[in-house]
1. Of all residues being at pLDDT 85 or above and assigned to a loop (DSSP other than H, G, I, E, B) in the stretch 92-123, which is surrounded by the most Cβ atoms within 10 Å (Cβ to Cβ)? Just the residue, please.
2. Does the stretch 172-183 contain at least one residue that is surrounded by fewer than 15 Cβ atoms within 10 Å (Cβ to Cβ), touching a strand residue (DSSP E or B) at 6+ places or on another chain (Cβ under 9 Å) and modelled with pLDDT of 85 or more?
3. Show me the strands (runs of 3 or more DSSP E) found entirely inside the stretch 187-248 where at least 1 residues are modelled with pLDDT of 80 or more, of a type outside the set (S, T, N, Q) and within 16 Å of the chain's Cα centre (by Cα).
4. Name the residues in the stretch 67-91 that are hydrophobic (A, V, I, L, M, F, W, C), surrounded by fewer than 19 Cβ atoms within 10 Å (Cβ to Cβ) and part of a loop (DSSP other than H, G, I, E, B), would you?
5. Taking into account only those residues within the stretch 41-66 that are within 15 Å of the chain's Cα centre (by Cα) and part of a strand (DSSP E or B), which is surrounded by the most Cβ atoms within 10 Å (Cβ to Cβ)?
6. Looking at the stretch 132-146, can you tell me whether even one residue there is at pLDDT 80 or above, surrounded by fewer than 18 Cβ atoms within 10 Å (Cβ to Cβ) and not in a helix (DSSP H, G or I)?
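The values are calculated or read from the model by the stated rules, or taken from the named source; none is laboratory data. This is a predicted model, so every value here is computed, not measured. Cβ atoms come from the backbone with ideal geometry, glycine included; neighbour counts cover every protein chain shown.
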Amino acid sequence: MIVRIVLFLIMAIGLAGFGVTAWISTRPPAPIVAEMPKIPPTQTILAVSHDIRAGSLLATGDLKNLVIPSGAVPRGAIADTATARQNLFGSMVRRSLASDQPILGQDALHPGDHGFLAAVLGSGKLAVTVAVDAVSGSAGLIWPGDHVNLVLTQTLDDPKIPAGHRVAAETVLSDVRVIAIDQDLMEGATGTKTAQPQAGTVTLEVTSDEDEKVAVAAHLGRLSLAVLSAGGVAAARPLRITWAKDVSPALAADQPAPASVPPPLRIFRGQADAQEYRY
């Protein structure tokens, strides 16, 4: 009797083991979970979008963002933030930079830094400042690095002059570089030109002869700025004066040109006696 019970138990255990083995063999394999590769941390810094020569002023389109591994960030790199972009626009580049090269803090000479104005001027050039308003300053759309024409508009008060010749405009300077807008040489930080606060003064880079022209023109009438195309400067045109009659045909009708005033005639009688006659 005991032998039968033992045999029965052995058979039961064998059947149970066979069943477990069969159940395990018929189960689908467990999915293999692939371990995701670790992505190294990155940092977004500022770089130049094209080749920049030393001495250039940073303007719209000169900066771009560059994403690199945090471990490869060069010392002195500038993180791409709105404030960082705003501080860089209008700054002078101390050294030449190749396209996509990170710009470092020591690469830029900021407005207000000692020696900024002297460093940004070309060889033999001077800086002259003119007063502008929201309209004559192109409504805040002129930025450091732009090239402009300086236009003088003046009104002649002599009632003897025909109406068509009482207002005249002429280009005083052509293709001069803007190096300062008030004391803030910067643009909006969005990468596009956006209006800045109304400018009161604009500083231009001129030659030693042109600064005297600007000084005289500032006393003659109203100065305004005309921005030149970034794609290239138009060919120089001969000096000309645009009169009011050239703009308004109504003023040109039957308006004779102003008579030229002949120089006075001096007649000398001896070395000390002289008389002046005007005609």
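1. I103
2. Filtering the stretch 172-183 for residues surrounded by fewer than 15 Cβ atoms within 10 Å (Cβ to Cβ) gives 175, 183.
Narrowing the set further to residues that are touching a strand residue (DSSP E or B) at 6+ places or on another chain (Cβ under 9 Å) leaves 175, 183.
Still in the list and also modelled with pLDDT of 85 or more: 175.
Looking through the stretch 172-183, at least one residue is surrounded by fewer than 15 Cβ atoms within 10 Å (Cβ to Cβ), touching a strand residue (DSSP E or B) at 6+ places or on another chain (Cβ under 9 Å) and modelled with pLDDT of 85 or more.
3. On the way: elements: 201-206, 222-227, 241-243.
Correct list: 201-206, 222-227.
4. If the condition is that a residue be hydrophobic (A, V, I, L, M, F, W, C), surrounded by fewer than 19 Cβ atoms within 10 Å (Cβ to Cβ) and part of a loop (DSSP other than H, G, I, E, B), then V73 is the only one that fits.
5. L57
6. For the stretch 132-146, residues at pLDDT 80 or above, surrounded by fewer than 18 Cβ atoms within 10 Å (Cβ to Cβ) and not in a helix (DSSP H, G or I): absent.
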